[in-house]
Amino acid sequence: MNLVDKTTKCCCCVPLRGGVISITILSLGWLAYTVVIDILSLVSGNNTVGLIVDLVISSLFLLIFIFGFIISCFTKDAKLLRIYAILYDVFVAIIIFDSITNIIAILASKSTSVNNCISGGGQSNVSPSNNNNSASECEKRYWLFAAILIVFNLLIIFLVIHFALVISAYAANRKAKEMKAALVHEITESNISSAHGTSTHGTSTHGTSTYGFAGKT
């Protein structure tokens with residue numbers, strides 16, 4: 001049994017369909033906010049390549065989540081849900097890559113952050129309390145700041161993986177239900193056809209018997 005089969009609830013308490021809808025709505029809200037912020041940044045003149053790439057990717061996934069919302073709320077078609085699950089997996093891969101990159105960047109900036117803290121300013125992520133910070137004090141502040149950001153990024157990775165499992169599990173659940181319904185329908189149709197054939201055969205036999213009796217009479 002894989003992780004998808006073991007996933008029966010979202011966040012241990014929400015049914016799969018409700019979880020998929022909630023995940024999709026949250027993702028829609030987050031991406032809509034990201035797109036608006038990126039557009040405002042572009043309008044203000046911040047035309048960096050990274051910002052443009054982020055806007056394009058966010059806009060594409062915004063459309064994907066709109067698609068997912070329609071599928072999960074209205075059609076519930078297993079094939080379309082599977083497509084949505086695959087697209088969400090791509091989204092998760094990008095988020096994981098971004099989070100790992102953030103963690104690496106945080107760790108790589110240690111020397112710069114600590115040195116700037118000691119000197120009392122600069123571009124340090126560790127805000128100094130005065131201009132005469134000791135190296136040990138600045139290092140403590142750096143590790144506190146780094147720990148918070150690393151835990152935050154790891155939490156994001158955990159959540160998006162869990163959400164991906166929920167969507168995949170719901171798609172698999174819908175597929176199983178559709179296959180079961182199709183099998184029941186096929187068996188029912190087969191039974192009806194068999195019953196109809198038996199009834200026709202019985203009527204034909206009865207007619208022959210009557211004709212033979214009449215002939216003898």
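For the structure I just gave you, tell me whether residue 96 is surrounded by 17 or more Cβ atoms within 10 Å (Cβ to Cβ) and under 30 Å from residue 138 (Cα atoms). Answer is no for this residue. The set of residues from segment 1-34 being over 18 Å from residue 169 (Cβ atoms) and touching a Leu at 6+ places or on another chain (Cβ under 6 Å) comprises just one member, 31. In segment 103-114, the count of residues that are closer than 15 Å to residue 166 by Cα, assigned to a helix (DSSP H, G or I) and touching a residue at least 12 places away in the same chain (Cβ under 8 Å) is zero. Among the residues of segment 56-71, the one identified as surrounded by fewer than 14 Cβ atoms within 10 Å (Cβ to Cβ) and over 29 Å from residue 175 (Cα atoms) is 56. Take the conditions under 17 Å from residue 173 (Cβ atoms) and either of a type in the set (Phe, Trp, Tyr) or without any contact (Cβ under 8 Å) to a residue 24 or more places away in the chain (or both) and apply them to residue 88. Does it pass? Yes.
Selection over segment 112-149 of residues that are within 38 Å of the chain's Cα centre (by Cα), of a type in the set (S, T, N, Q) and modelled with pLDDT of 85 or more gives a count of 2. Checking each residue in segment 10-28 for being more than 14 Å from the chain's Cα centre (by Cα) and surrounded by 11 or more Cβ atoms within 10 Å (Cβ to Cβ) picks out 14, 15. Taking segment 38-55 as the search range and keeping residues that are in a helix (DSSP H, G or I) and touching a helix residue (DSSP H, G or I) at 6+ places or on another chain (Cβ under 9 Å), which one is surrounded by the most Cβ atoms within 10 Å (Cβ to Cβ)? That would be 38.
Quick one: which of 63, 31 is of a type in the set (A, V, I, L, M, F, W, C), closer than 30 Å to residue 178 by Cα and within 22 Å of the chain's Cα centre (by Cα)? Only one candidate passes the filter, namely 63.
Filtering segment 1-26 to residues that are in contact (Cβ under 8 Å) with a residue 60 or more places away in the chain and among the polar types (S, T, N, Q) leaves 7, 8. Condition check: at pLDDT 95 or above and assigned to a helix (DSSP H, G or I). Does residue 96 satisfy that? Yes; evaluated as a whole, the condition is true for this residue.
The values are calculated or read from the model by the stated rules, or taken from the named source; none is laboratory data. Just so we're clear, the structure is a prediction, and the values are computed from it rather than from any experiment. No Cβ is skipped: glycine too gets one built from the backbone with ideal geometry, and neighbour counts run over all protein chains shown.
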